[in-house]
Amino acid sequence: MPATSLIAGLSLLAALAAPPPELPRGGEPVTLDPAQFTTRIDNPYWPMRPGTRWVTRETEPDGTRQKVVVRVTHRTKRIANGVTARVVRDTVTERGRKVEDTRDWYAQDAAGNVWYLGERTKEYEHGRVVSTEGSFEAGVDGAQAGVVVPADPVPGMHYRQEHYAGHAEDRASVVSVDEQVTVPAGHYPHVLFTRETNPLEPRAVEYKFLARGVGPVLAIEISGGSAREELLRMRRGA
């Protein structure tokens, strides 16, 4: 075997043998090795094959409805912390008018954890951008990446989903991995059930449900609000 091939092979084995990063909590800093990450996201609780599209309906307590379309693009972005992420577009409309348009950045580590590396979000009123609050990029201004879906979720597991102090501080814990959910898109068994909180909104608590092979199918605000978001349909990428 040529020396260059041997060196390359040994480097690959070393990367594969490196221990996966532990799930972060709170605002603790993490140092991520870009070699341990991929934009090929196949975690069973939220597979993100390019071209996949989810359409959900969010209903507010007053009856107001919004349509949410999440689409996995073929684009990638090199994040400031060095990790290359998959770009996922999240668009919210109300009565046909765009109210929010976000690019989210995800990558999966060697263990199968799906990491959230930031977002560029825009909120609209009457066709004009009125806010970009919540936007952040891991590695910029102290912002840190978090985990949105663990590789092997276990009830009682706690982790942060994002951390940009004072702007984006979502936290999550695993409640169950064997729930059943029925939404307009269908009935799903063996669903991952998580509880999400945010220290910036101490009264806000949201339950989220992710179905194997599908991704998020239901989200319910149980404190600090009572909105409900449910999956209407999904189209997998080719």
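The values are calculated or read from the model by the stated rules, or taken from the named source; none is laboratory data. This is a predicted model, so every value here is computed, not measured. Every residue, glycine as well, gets a Cβ built from its backbone with ideal geometry; the counts of neighbours run over all protein chains shown. These area figures cover heavy atoms from the full protein model, side chains too; ligands, DNA and RNA do not enter into them. Shrake-Rupley method; radii C 1.70, N 1.55, O 1.52, S 1.80 Å.
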Exercise for review: Give A238, A172 a once-over and let me know the one that is modelled with pLDDT of 95 or more and either over 18 Å from N113 (Cα atoms) or in a strand (DSSP E or B) (or both).
Suggested key: A172
Study note, to complete from the structure: Of the residues in the range 190-204 that are of a type in the set (A, V, I, L, M, F, W, C) and modelled with pLDDT under 95, the one that is most open to solvent (accessible area, probe 1.4 Å) is L200
Review point. Which residues, counting only those in the range 140-176, are of a type outside the set (G, A, S) and open to solvent by 50 Å² or more (accessible area, probe 1.4 Å)?
Key: V140, D141, D152, V154, P155, H158, H167, V175
Exercise for review: Just one of (1) aliphatic (A, V, I, L, M); (2) touching a residue at least 60 places away in the same chain (Cβ under 8 Å); (3) closer than 25 Å to V177 by Cβ trips up V88, so point out which.
Suggested key: (2)
Revision key, fill the gap. By residue number, the members of the range 31-83 that are farther than 20 Å from T102 by Cβ, touching a residue at least 24 places away in the same chain (Cβ under 8 Å), open to solvent by 50 Å² or more (accessible area, probe 1.4 Å) and of a type in the set (S, T, N, Q) are T38
